[in-house]
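All of the numbers you see were taken from the coordinates with simple rules; none came from a lab. These numbers were taken from a predicted model, which means no experiment stands behind them. So basically every Cβ, Gly included, is an ideal-geometry build from the backbone, and we count neighbours across all protein chains shown.
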Amino acid sequence: MSICQREHRYDPFFSRLPLDQGDFGRHKCAGCAYERGYQAGLNRVSILNIEEQVNLIAHSQAGSVRHKSPIVAFAQGYADGLFQYYASCP
């Protein structure tokens with residue numbers, strides 16, 4: 001699996017996420033998880049397999065995303081994407 005090199009690894013936004021070092025989300029990039037969830041929400045994807053989505057995400061142990069829950073990051077991104085969708089649609 002690839003290692004994330006994106007700048008979101010150091011975004012303090014992710015510092016508020018809960019710690020998670022277990023199961024299928026171990027060492028996955030919470031920033032990439034958030035972005036994947038955001039796109040799913042923005043596109044109003046209605047059937048999701050979060051474990052499958054998280055397994056596709058790059059690894060990262062850098063900065064603000066270190067040991068942060070990619071599951072919560074995905075869910076937050078999904079919710080934010082839905083809010084953005086509805087804010088931009090009359």
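Things worth noting here:
- Segment F24..A87, full-extension length gain: 19.4 nm, with 0.36 nm per residue of separation and the alpha-carbon distance subtracted.
- Separation of the A62 and D11 label points, Cα + 7 Å toward Cβ, nm: 1.5 nm
- Taking the longest Cα principal axis of the chain as reference, the axis of helix 70-88 is set at about 20 degrees.
- In the elastic network of the chain, a GNM with C-alpha springs shorter than 10 Å, the most mobile of I57, I71, I47 is I47.
- Largest first and in whole Å, the equivalent-ellipsoid semi-axes of the range 9-88 read 21, 14, 9, each the square root of five times a Cα gyration tensor eigenvalue.
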